[in-house]
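*Asks:* First, the structure itself, so that you have it in front of you.
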Amino acid sequence: MIYSLSSLVPNVEDLLTLEVEELAGVLLIYLNAYEGSVVNQGGFNYHNFFNAPGRQDYESRQPEVDQALMEALAWLRSAGLLVEKASSMGNWFFISRRGKQISSRDEFAAYRNAGLLPKGQLHSLIASKVYPAFMRGEYDTAVFQAFREVEVAVRTAGRFGPDDYGTDLMRDAFRPAIKKGQTNQPGPLTDTQLPVAEQEAMANLFAGAIGLYKNPTSHRHVPTHPEDAAEVIVFASQLMRIIDCLKP
């Protein structure tokens with residue numbers, strides 16, 4: 001049971017040095033856990049919160065704390081986690097459905113990190129398959145799923161069989177028309193309008209991406225930090241768009 005903000009952050013200096021986004025997470029956890037008069041009947045009242053009897057958690061530093069909390073409340077509103085009630089006169093708010101799902105700092109961190117991945121700019125297949133895992137903070141899984149979609153898209157577009165996979169599939173799909181001075185049958189996704197060197201580069205690009213990122217259990221370079229994972233997933237999305245352009 002959480003009875004006060006000071007039970008979450010006992011030291012006032014620690015609270016005041018939190019970034020506004022971090023303090024917003026602490027405040028949301030407090031509001032979700034509180035069963036008293038601060039949140040009741042689906043509503044949250046600014047006036048009641050800041051003027052509740054006995055709410056002086058931080059003694060003489062309370063004015064500074066209240067100012068920081070107002071900043072955090074503004075952030076929660078801008079993020080859509082705290083929403084004004086339709087029937088209110090400006091003081092009543094409710095915790096949104098998404099906000100109610102956040103009950104720990106880890107969950108709040110995952111929510112914030114989700115903003116690193118621009119869902120609206122991703123290829124539709126990457127967005128639908130990968131974004132939920134990224135939202136949950138499962139970054140290695142999200143990267144694996146993104147490049148699995150790339151592999152499946154290459155297999156489908158190139159009309160390969162279910163036993164074709166991995167880097168060999170990529171090199172067959174993007175096989176250059178000419179290699180080492182010899183004419184080859186180009187791969188089904190090879191852009192023969194490109195110079196041969198660029199055809200080879202395309203094959204290397206796809207083979208390297210699948211070899212490096214697709215299997216997180218056997219490769220050491222799969223990103224597990226949200227910033228890195230987001231960048232790699234955007235890269236996978238770009239590969240999907242290249243496939244869309246090259247498929248017969």
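The values are calculated or read from the model by the stated rules, or taken from the named source; none is laboratory data. Quick caveat: nothing in here was measured; it's all calculated off a predicted structure. Backbone-built Cβ (ideal geometry, glycine too); neighbour counts: all protein chains shown. Note: areas computed on protein heavy atoms with side chains; ligands, DNA, RNA excluded. Shrake-Rupley method; radii C 1.70, N 1.55, O 1.52, S 1.80 Å.
*Asks:* Can you confirm whether region 131-148 contains a residue that is at pLDDT 95 or above, open to solvent by less than 40 Å² (accessible area, probe 1.4 Å) and touching a Leu at 6+ places or on another chain (Cβ under 7 Å)?
*Replies:* Taking every residue of region 131-148 in turn, none turns out to be at pLDDT 95 or above, open to solvent by less than 40 Å² (accessible area, probe 1.4 Å) and touching a Leu at 6+ places or on another chain (Cβ under 7 Å).
*Asks:* Now for a separate question. As an exercise: evaluate S103 against (1) crowded, with 16+ Cβ neighbours inside 10 Å; (2) closer than 13 Å to L31 by Cβ; (3) more than 13 Å from the chain's Cα centre (by Cα) and give the number of the one condition it does not meet.
*Replies:* (1)
*Asks:* Looking only at residues that are within 19 Å of E64 (Cβ to Cβ) and in contact with a helix residue (DSSP H, G or I) (Cβ under 7 Å, 6 or more places away or on another chain) in region 2-17, which one is modelled with the highest pLDDT?
*Replies:* Looking at the filtered set, the residue picked out is L16.
*Asks:* In the set S78, S124, S128, which member is open to solvent by 70 Å² or more (accessible area, probe 1.4 Å), under 18 Å from V20 (Cβ atoms) and polar (S, T, N, Q)?
*Replies:* S78
*Asks:* Of the residues I95, I126, which single one is in contact with a strand residue (DSSP E or B) (Cβ under 8 Å, 6 or more places away or on another chain) and modelled with pLDDT of 80 or more?
*Replies:* After applying the criteria, what remains is I95.
*Asks:* Looking at (1) under 23 Å from I29 (Cα atoms); (2) in contact (Cβ under 8 Å) with a residue 60 or more places away in the chain, find the lone condition where A157 falls short.
*Replies:* The one condition A157 does not meet is (1).
*Asks:* Going through region 116-134 one residue at a time, which ones are without any contact (Cβ under 8 Å) to a residue 12 or more places away in the chain and of a type in the set (S, T, N, Q)?
*Replies:* S124, S128
*Asks:* When you check Q193 against the structure, is it within 15 Å of A236 (Cα to Cα) and either modelled with pLDDT under 95 or in contact with a Phe, Trp or Tyr (Cβ under 7 Å, 6 or more places away or on another chain) (or both), yes or no?
*Replies:* Answer is no for this residue.
*Asks:* Hey, can you tell me all the residues within region 76-123 that are within 27 Å of M240 (Cβ to Cβ) and basic (K, R)?
*Replies:* R112, K119
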